[in-house]
Amino acid sequence: MENLLETFNERQGDLWSELLNHLGISIFSLLIAMLIAIPLAIWVVRYPRVAEVGLQIAGILQTIPSLALLGLLIPLVGIGTTPAIIALVIYALLPIFQNTYLGISEIDPAIEEAADAFGMSKMRKLFKVELPMARPAIVSGIRTAMVLIIGTATLAALIGAGGLGTFILLGIDRNDMPLIIIGTVSAALLSIILSSFIRWFERAKLRHSIIGLVILIVLLGGGGIYSAYANRQQTVTIAGKLGSEPEILINMYKELIEDEDPDIKVELKPNFGKTTFLYNAVKNDQIDIYPEFTGTVLETLIEDDSIDTQGLSEEETYKQAKEQLQQQDQLTLLEPMSYNNAYALAVKDDFKKEHQLETISDLASIQSEIKAGMTLEFIDREDGLRGIEDLYDLDFETSSMEPALRYQAIDDGRVNLIDAYSTDSELRQYHLSILEDDKGLFPKYQGAPLMTTEFAHDNPQVVEALDKLGDKITEEEMQEMNYEVNVEDESAAEVAHDYLSENGLLEEEK
């Protein structure tokens, strides 16, 4: 509890900012969904067959996994708030459309006939009879949609839209339970408060309901949307994948750029998400720079399947990655850093000693005893589990896990083999040893800033600033910095600044 309160006090400012952002995105999405679903449901009441088709389509859209939907939207509309709002609107359509349609279509026909007998026009009958009678059902649909939106909006953090999901994703990645609790409880409380507020509309007069809804949207939703869209200025936007290491690197990028040219404003988007999200974002000019790895470029991002990374030196891997990026997407990969953050297989120190393990090949003698926990990305890669099974002729039980959870699993004894990166702080934290890749499966993974060739050409001062990191940072230094952030709870910005200062990379520090 003490740790939770301490984290809450430290993160109050960030929590308030992300809460408003989450609220703005959610209310704006709900408003759009209502403007689409309610009029459409009113129109199709007289056309039951069309209504059935509409319900089927809305139902199908809601079955699309949220992460997949966000991934599909990025190439079309980019990253940030826009794809998040589109996805949330899609998920909110079904409950609002369905409840509005059922609420009006199930009104007693005798009441409809009485309204016609009084000579009411269609519009007058709609507002005086049908909507008031259907209002409980409509409000119920809106409440369901709002709860759904609040929960789903946590994934918006994966594509740079912010919100309370930032706390949850960061907590999962760093195995920081207080962050997860703060994000989860805040989202739950927000859902309860808004659900209760919407329930008030069910009892209030229709005119008062409409006025109250407008006020809610303007006062609460307006602030979040305004912060998302207004006051934006020309900046260099740098994003990073999930984890402490990318966050440290992008903070280094920020300091180097602003130190080189104080007139440049740098905006950071840490814990942005998956590799493909970032790659599409930089291609579509949604971000300007992000740290990528040479091996990832050749294994994941380049479409040429004929490239073989096995046996390539660090220099050859970088040269291939740089040339292929330029040819395929007109992207530029700057000079890489020294350390090689390669894939690895890791076991507990005592397990290694007990079974006399030194190399991956040594696993062949105990593969029946192996219970592996690995990330889904590693399992599905040719330079991951697939390659290990083929090159080393191994076959063992494997479960897919989120990156942070696999370390907890091996520490608890639920698994005894995991995939890792050679600079992970958890190797030191959980007393793990890396097995030597004695057949040379894993490519070289040197980190380097990735940007469009056009951006590099137009911003030579940025390139000059970032090139200062070329051939800097050893594996030991990177692992130590990760340890300071993940285990000793130092901020990534402070760790980044300390390294740059101690190594004389900032002009003001020299």
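Rule-based calculations on the coordinates, nothing more; no lab input. The structure presented is a predicted model; accordingly, all values stated were derived computationally and were not measured. When we count neighbours, we look across all protein chains shown, and the Cβ atoms used for this are built from the backbone with ideal geometry, even at glycine.
How much mean residue ellipticity at 222 nm does the chain get from its helices, if each DSSP H run of length 4 or more adds -39500 (n - 2.57) and you divide by all residues, to the nearest 500 deg cm²/dmol? It would help to have the intermediate numbers written out before the result.
Numbers: 24 runs with 296 residues, N = 510.
Result for the chain, helices only: -18000 deg cm²/dmol.
Report relative contact order for the chain in percent, whole number only (criteria: Cα-Cα under 8 Å, sequence separation at least 6).
Numbers: 800 pairs, mean separation 82.1, N = 510.
Rounded, it is 16 percent for the chain.
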Review point. Any idea what the relative contact order of the range 2-229 is, in percent, if you count C-alpha pairs under 8 Å spaced at least 6 apart?
Key: 32 percent
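With the cut-off at 18 Å, report for the range 1-49 the share of all Cα pairs above it, as a whole percent. Working shown, then result.
On the way: 690 of 1176 pairs.
Within the range 1-49, distances greater than 18 Å cover 59 percent of Cα pairs.
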Exercise for review: Using the number of other C-beta atoms within 10 angstrom as an exposure proxy, rank ASP411, ASP263, ASP288, ASP395 with the fewest first.
Suggested key: ASP263, ASP395, ASP411, ASP288
Check your understanding: Quick one: ARG46, ARG414, ARG381, ARG143, fewest Cβ neighbours within 10 Å first, how do they rank?
Key -> ARG46, ARG414, ARG381, ARG143
Check your understanding: Given that just one value was derived from the coordinates, which of (1) 27.6, 97; (2) 42.1, 171; (3) 26.9, 92 is Rg and Dmax of the Cα atoms in Å?
Key -> (3)
Review point. Which value, in debye to the nearest 20, gives the size of the charge dipole of the range 353-405 about its Cα centre, when Lys and Arg are +1 and Asp and Glu are -1 at the Cβ?
Key: 160 debye
Review point. What are the residues whose amide H is under 5 Å from the amide H of ARG381, where those residues sit 5 or more places off or on another chain and H is modelled from the backbone?
Key: ARG386
Check your understanding: Mind listing which chymotrypsin sites (Phe, Trp or Tyr not before Pro) in the range 79-130 are in a DSSP loop and have 16 or fewer other Cβ atoms within 10 Å?
Key -> PHE118
Point to revise | Assigned charges on the beta-carbon of Lys, Arg, Asp, Glu; the range 343-435 dipole about Cα centre (debye) | key: 280 debye
Exercise for review: Express in whole angstrom the spacing between the alpha-carbon centres of the range 412-481 and the range 1-34.
Suggested key: 32 Å
Practice item. Determine the principal axes of the Cα atoms in the range 343-435, then give the extent along each, sorted from largest to smallest and rounded to whole angstroms. Key: 31, 28, 22
Study note, to complete from the structure: Quick calc, the chain, dipole around Cα centre from Cβ unit charges on Lys, Arg (+) and Asp, Glu (-), nearest 20 debye, gives 4640 debye
